[in-house]
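Only one structure is covered here, and it is reproduced in the block below.
The values are calculated or read from the model by the stated rules, or taken from the named source; none is laboratory data. All figures in this text were calculated on a predicted structure; none of them were measured in a lab. Cβ atoms come from the backbone with ideal geometry, glycine included; neighbour counts cover every protein chain shown. Side chains are part of the model used for accessible areas, which takes the heavy atoms of the whole protein and leaves out ligands, DNA and RNA. Shrake-Rupley method; radii C 1.70, N 1.55, O 1.52, S 1.80 Å.
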Amino acid sequence: MDSVQKLSSFVNDIRSIMSEARAESADAINLAMIKAYWRIGKRIVEEDQGGSLRAEYGDRTLCRMSQELTKTFGKGYTERNLRNYRQFFILFPDEKIWHTCVPNLTWSHIRTLLRVDNPEARHWYMTEAAEQMWSVRTLDRNISTQYYFRLLSSHSKDKVEAEMKEKTSGVSFSRFTPAQFIKSPVVTEFLGIDKNTDFTESDLEKALITHLQHFLLELGKGYAFVERQQHIVTDTDDYYIDLVFYNYLMRCFVLIDLKTTRLTHQDVGQMDMYVRMYDDLKRNEGDNPTIGILLCAETSKDIARYSVLNGSSQLFASKYLTCLPSEDELLQEIDRQKEFYLLQKKEGND
């Protein structure tokens, strides 16, 4: 073996060592996170509820617990999350049962399993998700479509299984790379690491969002910046709103989501969900309904979609349009920033 081959073999060995170490690190963090949440749930049940499975006393204290834990550890300890931790322990009181499945499951998988009322079905979904390496989306779909019960009642299980695999094609594997894992805000919140928007944005998307943020603030129409890539948790998934503002002239929250491909009905539906969630969770007394702006980097007549629910079209026309940028203004701004970004990219490559 010549020196070039020896060096190549040596470098490949180092690559293997580093890849294995990174995977082990991600696995260790994943296990530590899920174990911590289970232990928190155990303490809530044992201490706040006197060891019973009734939640009356615990519910009265969760708000205060959430406030105190948030002071110490930051985000990730909402009342909703604490209820999930408690439910995790109640449904999986034997640590050995879930511990064996954790290497291929994340907290998002566990949180999805909490929706399953039937103990046998819940355990089956957990085992199958781990063994078949289902993604969270696949697990959620299979639970929603009663996959377990359809298999039990079917005389042709192969057809049911084949249909499931076809419907979940392309999203069936749950195994995460270490880089993907550490980018998750669920993990960064657990570790106490400040959120880095570079993790969740492409270069073009990052540039456009940055300039849109400045563009709205420079309009001088009452915009106050709230957060970028705001993390919102539902029962089945984690979502990230690109930009959140509060407009003190309109007295409402303004949510902005940017898509780098053409808009779809799913994109519109997702923005409507953000608006509903904000009205339910963030809107204060005296605030007007939340407004959502859905933007598309593939500029077309669908450049912007405004989303105002709950029959608020009259309010939208009379109050909101005076403070919101027009579709033409948004179109021009995105086109201008795309040209500027591509020019910088070209100069950097020359």
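Overall, the ratio between the Cα radius of gyration of the stretch 87-127 and 2.2 N^0.38 Å, rounded to two decimals, is 1.01.
Going through the cross-link list LYS96/LYS159; LYS221/LYS282; LYS75/LYS167; LYS259/LYS282; LYS221/LYS259, which pairs have a Cα-Cα distance over 29 Å in this structure?
Numbers: LYS96/LYS159 33 Å; LYS221/LYS282 21 Å; LYS75/LYS167 35 Å; LYS259/LYS282 24 Å; LYS221/LYS259 24 Å.
Those over the limit are LYS96/LYS159; LYS75/LYS167.
At 0.36 nm per residue, and after removing the present C-alpha to C-alpha distance, how many nm does the segment from THR70 to GLU161 gain when stretched out fully? Spell out each step's value before the answer.
Numbers: separation 91, 0.36 × 91 = 32.76 nm, distance 4.33 nm.
Stretched out fully, the THR70 to GLU161 stretch lengthens by 28.4 nm.
The stretch between LEU281 and LEU152 holds 42.5 nm of extra length on full extension. This uses 0.36 nm per residue minus the Cα-Cα distance. You can think of it this way: the chain between ILE14 and LEU31 has 3.6 nm of extra reach, that is 0.36 nm per residue less the Cα-Cα gap. Distance between the modelled labels on GLU95 and TRP124, one decimal in nanometres: 2.9 nm (7 Å Cα→Cβ projection). Roughly how much of VAL244 is accessible, in Å² to the nearest 10, using a 1.4 Å probe? Per-residue accessible area (VAL244): approximately 0 Å².
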